[in-house]
Amino acid sequence: MSVQIPKDITLSEDEVPIWFGKITWTANFLLLLVGLICLFSIFLFFITIACVIFAYLNVKTSEYFISNKRIYSKHGFLSQRSNEVKIEWVTNVYFQQGVVGRTLNFGNIGISTPGEQGGAVEFNGIADPLKVKVIIEDTLAKYKKNP
C-alpha cells in the first residue's frame, strides 16, 4: 500500500512514509447540516452554497502526514498554516472526540513537544483518530529502539 506524500515535502534518503490523511467530510457535519437546512429557503440559498464551498475547501486544503522521521500538518486556503515536528521531539500524543465525532468516527489528534503544552501539531477532523494515535505511538516506539 503506497502512502501519498504532500507536495510540499521532500523525503530524506532513509525516510519512509507511514500515513497520510485529510479532514473528513463527516467532520464538516455541522456546516453541511446548516447548508442543508438553508437549502429549503430561497432567501438563504446563498448560505447553502457558502457552506458547501467552505466544507469542500476544508477537506481539499488540509494535509496530515506521518513518516518515520516527522509529523506534518497543513491547513488553509487563503492563508496557510503548516507545522512539522521531528519524531524525536514528540513528548505526548492525545486525541479528542465529541459525541458527534464518536458517532461518525472522526476526531482530533494533538502532538505535544517540549515547550508546546497545547499541541505543536494538530490533526483536526480526521477519520478513526484512535487508529492514527496508535500509528504515531508505534512510530515513536520504533524510533526509540533505533534512533
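The values are calculated or read from the model by the stated rules, or taken from the named source; none is laboratory data. The structure displayed is predicted, hence computed values, not measured ones. Methodologically, a virtual Cβ is constructed for each residue, glycine included, from the backbone with ideal geometry; neighbour enumeration extends over all protein chains shown.
Points to keep in mind about this one:
- In the stretch 101-147, the residue that is farthest from PHE65 (Cα to Cα) out of those that are outside any helix (DSSP H, G or I), in contact with an Asp or Glu (Cβ under 9 Å, 6 or more places away or on another chain) and in contact (Cβ under 8 Å) with a residue 60 or more places away in the chain is ASN105.
- Conditions (1) surrounded by fewer than 17 Cβ atoms within 10 Å (Cβ to Cβ); (2) of a type outside the set (Val, Ile, Thr); (3) under 19 Å from the mean Cα position of the chain (by Cα); number of the one not met by ASN28: (1)
- Scanning the stretch 78-100 for residues that are assigned to a strand (DSSP E or B), of a type in the set (Phe, Trp, Tyr), surrounded by 12 or more Cβ atoms within 10 Å (Cβ to Cβ) and at pLDDT 95 or above turns up nothing.
- Of ILE37, ILE42, ILE23, ILE49, all but one fail to be in contact with a strand residue (DSSP E or B) (Cβ under 8 Å, 6 or more places away or on another chain) and farther than 30 Å from PRO147 by Cα; the exception is ILE23.
- Residue check for SER67: touching an Asp or Glu at 6+ places or on another chain (Cβ under 6 Å), more than 19 Å from PHE29 (Cβ to Cβ) and polar (S, T, N, Q): yes
- Test: residue in the stretch 38-54 that is closer than 23 Å to GLN4 by Cα and modelled with pLDDT of 90 or more: no
- Number of residues in the stretch 35-68 that are crowded, with 17+ Cβ neighbours inside 10 Å and in a helix (DSSP H, G or I) equals 6.
Matching residues to (1) of a type in the set (Asp, Glu); (2) in contact (Cβ under 8 Å) with a residue 24 or more places away in the chain; (3) closer than 30 Å to ARG102 by Cβ:
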residue	(1), (2), (3)
VAL16	no, yes, no
PHE20	no, yes, yes
ALA27	no, yes, yes
LEU36	no, no, yes
LEU39	no, no, yes
PHE43	no, no, no
THR48	no, no, yes
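- Every test in (1) buried (at least 16 other Cβ atoms within 10 Å of the Cβ); (2) more than 13 Å from the chain's Cα centre (by Cα) is passed by LYS144 save one, and that test is (1).
- Any hit, the stretch 5-16, residues being more than 17 Å from the chain's Cα centre (by Cα), in a strand (DSSP E or B) and within 19 Å of ASP138 (Cα to Cα): no
- Qualifying residue in the stretch 118-138 (condition: among the basic types (Lys, Arg) and either touching a Gly at 6+ places or on another chain (Cβ under 6 Å) or modelled with pLDDT of 95 or more (or both)): yes
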